[in-house]
Structures are given as structure tokens and as C-alpha cells.
Amino acid sequence: MIQNDLNITIPNRKQKKVSFVSLGCAKNTVITEKIAALFSQNGFQIVPESTQTDYFVINTCGFLATAREEGISVIQDILSTYSISPSQIIVLGCFAYRFPEILRSYFPSITLLQNQDPLVAVEDYFSMQSHSHHRILSTPSYAYIRIAQGCNRHCSYCLIPSIKGSYRSFSTSSILEECLFIADHYNVQELVLIAQDTSLYGHDLKEDINLYTIVRSIANLQRFSWIRILYMYPHQIAFSKLRDILSIPSVVPYIDMPFQHYHPDILARMNRPTNALSYLEEIYPLKDIFPFMTFRSTFIVGYPGETDSHFSFLIQKLKEYPLDRVGFFPYSQEKETPSYSQTGPVSEDIKQERMQKAYECQTHISWQLDSSHLSQIIPILLERFDAPSRCAIGRSIREAPDVDPTLHVYGNPFRLQHNVGSIVNCKLTKVTNDEIKAEIL
Ligand code: SF4
């Protein structure tokens, strides 16, 4: 839930209240935080979901059918839970922009803002001005920073290019302004750089700007302990450049790079580089350079045309090149994507069967890799104190927010509570399939 702590008040709109629901990805979280700041700058009071609110603003996701279904059920819930007229429900974001007709068919009287840029949509609708880098953070002790928008890759299964448009890097100055705003207003230890594809940053900007230069500039601010980069695209950055980026002070030794599959046949059908493995072989030695080096990736299971042998190949390579953190997604058939008409559909049962096998395989691999760090000293960001279990919950440099496991840190409860929001050195004491324990030093 978004809380207003910007202490910005403007007369005559103070009594208006607004609540937010942010659906979808971390990029949407950033957009929602900016919209909340916009309302706050214009005198609205940000309140948790309640009957008291004058407006509900719902930032939707339109990427997958399941995400759209979630959006519809959230709106239905709000309509059935709160005595609020549909017109006071403001729906914006990817679903509203890409499939307004679907939302209209369900909810003819909601306020639907269809602009591709939700922030501009709200500015226009409410005639409000915004300081685009202001945000009301909804995340404890870390913040996402969007460095670009859109994508030029056109993977066969993906709607994002048709929702977010072609790739546009944000200017270095606007990104740094946003980082400074966050540093000045929040106790944020970690910045998480995001985009549909962070590795392509700067290619569309005139000067010699790229991912290395923007990370370097953010690190030079010396206002954040950790800088983490997510959503890199395979093959875009050479081993030596990746090593240089990870060598920048405060950059955590963590690479998130969705490979989606390893078999060249399936990668070709996905319209993705078919030699993913040779690139992985090229960058894997980063593990020998950086202590606690962590690889994260995601894979689609059950893509049209995926045979048992394609899937076995994927599993075999996951074992040959162990990755620390992995997410698997069952293929989702999306109209208006090239994969929609591709032959060789995989049944839902087989998809679920392969999902289970993939997770069983990966759970063991992650356990092995986590166990290799037992008794080692590692910095952990304590994010909250859990009174019932008298431990702090946090993440080390090896875990990204929202997608990776959290750690349970034990020790003197007063010290733990006192250090919530800080990075402390801890010793890893226990690793099981579903829990990682540590002791504060
Ligand atoms: S790179 Fe990512 S966002 Fe871009 S088309 Fe492929 S899956 Fe979609």
C-alpha cells in the first residue's frame, strides 16, 4: 500500500482521497508510485483501500490472459466491496491501453484512461502537473529504477512491443534526478535497475551512453549501498563489459538474464538467439571472479513444438550450467502474437508435468549452490522483523526483491529490530529446499 510521506499539501483539494492498486511487473510499480506522487503534489490524500476514498486508481497489466483476468477480478472486487460509483474507479496501464474494448465490455461505466503513458493519462484527465521524478515509494529499503521503456526484440510469444512500443532509453540526467530524489526522501539501501531490456540501454541516445555508463553515474552518487541490474538480454553485452559493470563499486554480483529456453529449435521458434548456451558458457566464468556471483534466469515450458527431447535437453543443460535462481512459466497462448498460430501445441497436462519436473530439478540445484556458501559471511539487507519467529526477514546480495527467496536472520531481537532497513554482516547457518537461515554477527 502506498503511504503519503512527501508532506506536500495544496489547499482546496486536500479533502479528496485516492487509493491505488498496482498490478503486474516492477515497471508498473514505478509508474504507480509516480502517479501517487502526482496526486499528492496536487493536494490529494493517499489512503489505503477503504470506503472513504474518492477514487481508486488501478494500474493494470495486459501482458498475459491471466494478468488481464486478475485485473477484471480486482475491479469486480472493488465494485462489490466498496460503495463507490464505477466512474470513480480509474483504470489505466497496459490492459487499458491495449485491450480497452475488453474492459469496456465488462465495465461500461468505469473511467478508462487509454493513454500508453499512464502518468500522462492522469495529468490530462485531472489537468495536473507533475515532477516526473517524484515518487511515493511502496517498497521497503529498496527502489526500482526504470532506465528505459519498450522493446525492439519481438519474441514470438510476447505482446510487450505492441503495448509499450519500441525501445526508448531515459536520459541519464532524468534517471540521476530520480535516484537523488529517492536518496533525499527515503532510507533506500538498494536500487534495482529495470527495463524490458536493460542491456540495450543507451543505444538510441546520441552520446556514448550505455549500461556501463549509467551504472557508473549512479554509483558515483555514492548514495546507495547496492545497485542490482535485472532483465538483461542474452548476447547483448560481452563478458569483458559485464565484468567491468559488476566491478563498479556497490554493484552486486548478480545477473538476471531470461534465456527462455536452451534448445536451438525452440529458440528459433521464439525468434530469440539460438546459441544461448554458447553465450552462457562465455559469461559463466564470472563465477570465478566475483564471490557470491549469482545467475538468475527464466524459462518458458511447453512452448508450441516443444517435444520431450527438447525439454530433456533443457533439464540436462540446467544441470550442466547450474543457475542460482530460476523461474519457470507455462507457455501462454496470446492472440496477436506470432506464436499463436505456431504448430505443435503442448497440452496443459504436459505443460504442468514439465513445470513440476523443472522446479524439482532446479530446487535441488539452488539448494546445492546455496549450501556451498554455508558458514560464509555475507551482507544481508534486513527488510522487516517477524515478531512471532523472533527473526528478521531479509535478502542478501544473492536475492532480488519479489522474485527470489528471502532469508531468516536470527540473533539478538533488539539488534535485529534496530537494524531493520540496514545491511548487516551475517553468517549463513542453514539451507533447506525452502528456507535459508543466517545469524547476525
Ligand atoms: S525481450 Fe522481453 S519484452 Fe522484449 S519481446 Fe522479448 S520477451 Fe517481450
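The values are calculated or read from the model by the stated rules, or taken from the named source; none is laboratory data. None of these values were measured; they are calculated from a predicted model. Positions of Cβ are backbone-derived with ideal geometry, glycine not excepted, and every protein chain shown enters the neighbour counts. For accessibility, only protein heavy atoms count, side chains too; no ligands or nucleic acids. Shrake-Rupley method; radii C 1.70, N 1.55, O 1.52, S 1.80 Å.
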Working only within region 67-97, note down all residues that are part of a helix (DSSP H, G or I) and more than 24 Å from Pro330 (Cβ to Cβ).
Ile75, Gln76, Asp77, Ile78, Leu79, Ser80, Thr81, Pro86, Ser87, Gln88, Ala96, Tyr97
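Every residue, every condition in (1) within 12 Å of the ligand (Cβ to nearest atom); (2) of a type in the set (Phe, Trp, Tyr); (3) out of contact with any strand residue (DSSP E or B) (no Cβ under 9 Å at 6 or more places or on another chain), yes or no:
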{"site": "Tyr254", "(1), (2), (3)": "no, yes, no"}
{"site": "Pro258", "(1), (2), (3)": "yes, no, no"}
{"site": "Pro264", "(1), (2), (3)": "no, no, yes"}
{"site": "Leu267", "(1), (2), (3)": "yes, no, no"}
{"site": "Pro273", "(1), (2), (3)": "yes, no, yes"}
{"site": "Ala276", "(1), (2), (3)": "no, no, no"}
{"site": "Pro285", "(1), (2), (3)": "no, no, yes"}
{"site": "Asp288", "(1), (2), (3)": "no, no, yes"}
Quick one: in region 378-410, of everything that is β-branched (Val, Ile, Thr) and assigned to a loop (DSSP other than H, G, I, E, B), which residue is surrounded by the fewest Cβ atoms within 10 Å (Cβ to Cβ)?
Val403
Within region 232-252, can you find the residues that are open to solvent by less than 20 Å² (accessible area, probe 1.4 Å) and within 15 Å of the ligand (Cβ to nearest atom)?
Met232, Pro234, Ile237
Does any residue in region 136-164 that is touching a residue at least 24 places away in the same chain (Cβ under 8 Å) come within less than 8 Å, Cβ to Cβ, of a residue that is part of a strand (DSSP E or B) and within 11 Å of the ligand (Cβ to nearest atom) six or more places away or on a different chain, and which pairs are these?
Cys155/Gln260; Tyr157/Ile300; Lys164/Gln149
Kindly check whether there is at least one residue in region 119-129 that is in a loop (DSSP other than H, G, I, E, B), small (Gly, Ala, Ser) and away from the ligand (no atom under 16 Å from the Cβ).
yes
Of the residues in region 342-355, those that are loosely packed, with under 12 Cβ neighbours inside 10 Å and not β-branched (Val, Ile, Thr) number 4
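Conditions (1) touching a Ser or Thr at 6+ places or on another chain (Cβ under 9 Å); (2) under 18 Å from Gln15 (Cβ atoms), marked per residue:
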{"position": "Pro48", "(1), (2)": "yes, yes"}
{"position": "Tyr55", "(1), (2)": "yes, yes"}
{"position": "Gly62", "(1), (2)": "no, no"}
{"position": "Ala65", "(1), (2)": "yes, no"}
{"position": "Ser73", "(1), (2)": "no, no"}
{"position": "Asp77", "(1), (2)": "no, no"}
{"position": "Ser80", "(1), (2)": "no, no"}
{"position": "Ser85", "(1), (2)": "yes, yes"}
Matching option when the condition is closer than 30 Å to Gln333 by Cβ, outside any loop (DSSP other than H, G, I, E, B) and not assigned by TED's automatic domain parsing to the domain that holds Asp404, among Leu242, Leu280
Leu280
Any hit, region 91-98, residues being open to solvent by 50 Å² or more (accessible area, probe 1.4 Å) and among the charged types (D, E, K, R):
no
